[in-house]
Amino acid sequence: MEAFVITGGNKLEGRISISGSKNSALPIMAASLLSSEPMILQDVPNLRDIKNMRALLKLLGCDVCDLEAGAKDSAIRLQVTEEEPCWAKYDIVCTMRASICVLGPLLAKRGKARVSMPGGCAIGERPVDIHLRGLEALGARITLEDGDIIATTDKLKGTTIYLGGPFGSTVLGTANVMSAAALAEGTTIIECAACEPEIVDLANVLNAMGAKIAGAGTPRISIEGVEKLHTALEHRIIADRIEAGTYIIAAAITGGELVLDNCPLDSLLALVDLLGRVGVEVNQADLTEDKRRCLVKVKCADNKTRPRPVQLTTQPYPGFPTDLQAQMMALLSMADGNSVVTERIFPERFLHVAELGRMGARLYRQGPTVIVSGVDNLIGAPVTASDLRASASLVLAGLAAKGRTIVRRVYHLDRGYEQMEKKLEAVGADIHRVNVDETSNL
Ligand code: EPZ
C-alpha cells in the first residue's frame, strides 16, 4: 500500500497546470456508446477512474486507445466495435460508482442495459432512484435482479421529466437522462436538471455528434431526439475545477503564492468569493477572454495573519461545491475564530473530521454541520485516507502542519488527482510517495 510522507511548513510558490476534468471525462466517455462512429477526446486526465472507465467500455464493445502516449493528459480515441455486450458487472461498478453513467447510453442505443447497482461509498449511500425514475419516464422497463438494474426499451419516447430529489438535482442522473433522450423519439424537457459545467461539456459533445440539446447549464434542458448520432472529433475536456480548487486552497493553507494555468476560474466563483472573505486573493493573471481556461494567481492577503473564519454551506452548482468542503475545512481549522461548515449534498461527507482531529483540529459535528474552532496550527500525524476529497484534505493539512504527516491509502487520491505529489513537490512541498504495509507505524 502506498502513502504520502509530508513534512509541513513550506510555502507553496510556483506554477501548477490543471488537468482535464475527471467528472466531465467519465460521462463523455460513456456517451461514446451512443454512436458507432469514433469519438476523439483531448485533455483526458491520466487517473485510476479513467482507466476503470476504459476497461468497462472495452467490456461493453467499445475500443479505447491512446492517440499520443505520455504521462500527462492524453488524447484518446473511442469507437464501438460490437453492440452485443450490455452488462456492466458488479466487480467493476463497485470500484467506480460513476460506471452508472453507461446506463442511459446503453439503453438508448442498444435497447437494453444491465448495470450493477452502485453500492454506497465513504460519503454516503449514493442512491440512483432519480436516474431510474427519469429513464422510466422515457419509456424504459426497469427491473432489479441479483443486485443489477435491468433496463429494456423498444424505443424511448420524449417527455417532460422532473429530476429533483431531496438534495437538489443529480449530476450523473442528468447525464444519464440527457444522453438517453438524445436518441428518443420526440422532445424531452428535463426540469431541475443539474447545472454543473460537466453537464454543459457533455451537452456540447452530444451536440457535436448531432444531438439537439438546448439549456444545458440551466435547470431546464430541452432535448429534441434524433435518429442517429455521429462522430465527435477533437473535443477538449474542460479543466478540472475541483483539482484547481484543491490547489488554490493548498496555496492558501501554506500562506504561499501559486499561479495555476488552464484554470477554470469561471466555474470557481463560489470558492473565490468565500476565500475573499477568508483573506485569500484569487485573481486572473492573464488577458484571455476565456475564463474557462486562464492563468490564475492565488495569494494570501497578508502572509502573517491567519485565515478569517466563515460560514460555509455546500449547494448544487453554482453554489459552493461539496467536492471542496473537506479541503476548505482543513484551511478553516487554522482560522482565527470559529467557522460553521454545513454539508447539504452528502450529509455524511465528514470522514475527514476524525482524521483532521488527529492532527489537532478542533471540530464539533452536529449532524450535517461541523463547528470548526480554529487553532494556531496543526500537528503532523499518521492519518488514513477514506475517500477522494477527504484524502486531499489530509494532504493539505499535512502541508501546513508542524512536523511529519503520513497519509496512508493514497490510492483514493490517485482516482482523481493526477500525480498530486509531483505537482506539489514542484512548487516547494516536502512530499513524497512511499510503500508501507498496513501494520507499519508509518
Ligand atoms: C457527481 O456525483 C460527482 N461525481 C461527485 O464528485 C459530486 O460530489 C456530485 O456529483 C455532486 O456534485 C461525478 O461526476 C463522477 P449526485 P453524482 O447524483 O452525480 C442524491 C468526486 O469527489 N441522489 O449529483 O453521483 C445523492 O445521494 C465525486 O469527484 C439521490 O437521492 O452525485 C446526493 O445527496 C464525489 N438519488 C445528491 O443527490 C439519485 O438518484 C447529489 O448526488 C441520485 C442522487
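Side notes on the structure shown:
- For the chain, size of Cβ-based charge dipole, Lys and Arg +1, Asp and Glu -1, in debye: 720 debye
- Calculated FRET efficiency for the pair residue 67/residue 125, C-beta based, R₀ 35 Å, to 0.05: 0.35
- Stokes-Einstein D for the chain, Kirkwood Rh over Cα pairs, 20 °C, 1.002 mPa s (µm²/s): 97 µm²/s
- Relative contact order (%) - criterion: Cα under 8 Å, at least six apart; region: segment 1-140: 21 percent
- For segment 1-133: rounded, prolate or oblate by the Cα gyration tensor [a/c cutoff 1.5]: oblate
- In this structure the amide hydrogen of residue 10, modeled in the peptide plane, comes within under 5 Å of the amide hydrogens of 430, none closer than 5 places in sequence on its chain.
- Principal semi-axes of the equivalent ellipsoid, √(5λ) from the alpha carbon gyration tensor of segment 346-386, are 18, 14, 5 Å from largest down.
- Whole-Hz Karplus values for segment 202-216 come out as 5, 4, 5, 5, 4, 5, 5, 8, x, 6, 10, 10, 10, x, 4 Hz, taken residue by residue from phi with 6.51 cos²θ - 1.76 cosθ + 1.60 and θ = phi - 60°; glycine and proline positions read x.
- Footprinting exposure proxy for 235, 352 (fewest neighbouring C-beta atoms within 10 Å first): 235, 352
- Projecting the Cα atoms of 221, 284, 206 onto the charge dipole of segment 188-307 (Cβ charges, centred on the Cα centre) puts 284 farthest toward the positive pole.
- Percent antiparallel among DSSP beta bridges (both partners in segment 310-376, rounded to 5): 70 percent
- From phi via Karplus (6.51, -1.76, 1.60), per-residue ³J(HN,Hα) for segment 14-29 in Hz, x at Gly/Pro: x, 10, 10, 9, 7, 7, x, 7, 4, 6, 9, 4, 4, x, 5, 4
- A simple spin-label model places the labels of residue 313 and residue 376 3.5 nm from each other, with each point 7 Å out along Cα-to-Cβ.
- Protection proxy ranking of 245-255, 209-219, by the mean of other Cβ atoms within 10 Å over each peptide's residues and highest first, is 245-255, 209-219.
- Remark: the residue 37-residue 154 segment gains 39.9 nm on full extension, using 0.36 nm per residue and subtracting the alpha carbon distance.
- If you take all other residues with their beta carbon under 12 Å from the beta carbon of residue 393, and give Lys and Arg +1 and Asp and Glu -1, the sum is -1.
- For the chain, averaging the sequence separation of C-alpha pairs within contact (under 8 Å, six or more residues apart) and dividing by the residue count gives a relative contact order of 20 percent.
- Beta-bridge orientation, the chain: approximately 75 percent antiparallel, per DSSP, counting only bridges with both partners inside.
- Prolate/oblate/rounded call for segment 233-333, Cα gyration tensor, a/c under 1.5 rounded: oblate
- Label positions at residue 434 and residue 283, each projected 7 Å from the Cα along the C-beta direction, are separated by 4.1 nm.
- DSSP-defined beta bridges in segment 303-442 - what % are antiparallel, rounded to 5: 55 percent
- FRET E, pair residue 185, residue 348, Förster distance 41 Å, beta-carbon r, rounded to 0.05: 0.55
- For segment 218-284 versus segment 385-402, the inter-centroid distance based on Cα atoms is 20 Å.
- Residues of segment 238-281 with amide N under 15 Å of a point placed 7 Å along Cα→Cβ from residue 336: 255, 277-281
- Here the convex hull built on the C-alpha positions of segment 99-212 has a volume of 98 cubic angstrom per residue.
- Descending semi-axes in Å of segment 151-258, equivalent ellipsoid built from Cα gyration tensor: 32, 17, 10
- Sparse packing (at most 11 other Cβ atoms within 10 Å of the Cβ) combined with a DSSP loop state is found for the following GluC sites (Glu not before Pro) in segment 112-198: 125.
- Using the rule -39500 (n - 2.57) for each DSSP H run of four or more residues, divided by the residues of the chain, the 222 nm mean residue ellipticity is -8000 deg cm²/dmol.
- Rounded, prolate or oblate (a/c below 1.5 giving rounded, otherwise prolate when a/b exceeds b/c) for segment 301-415 by Cα gyration tensor: oblate
- Of 155/212; 157/228; 22/212; 22/112; 11/51, those spanning more than 22 Å from alpha-carbon to alpha-carbon: 22/212; 22/112; 11/51
Bear in mind that the values in this text are calculations on the coordinates, not laboratory data. As the structure is a computational prediction, the values presented were derived from the model and not from experiment. FYI the Cβ positions are ideal-geometry reconstructions off the backbone, even for glycines, and counts take in every protein chain you see.
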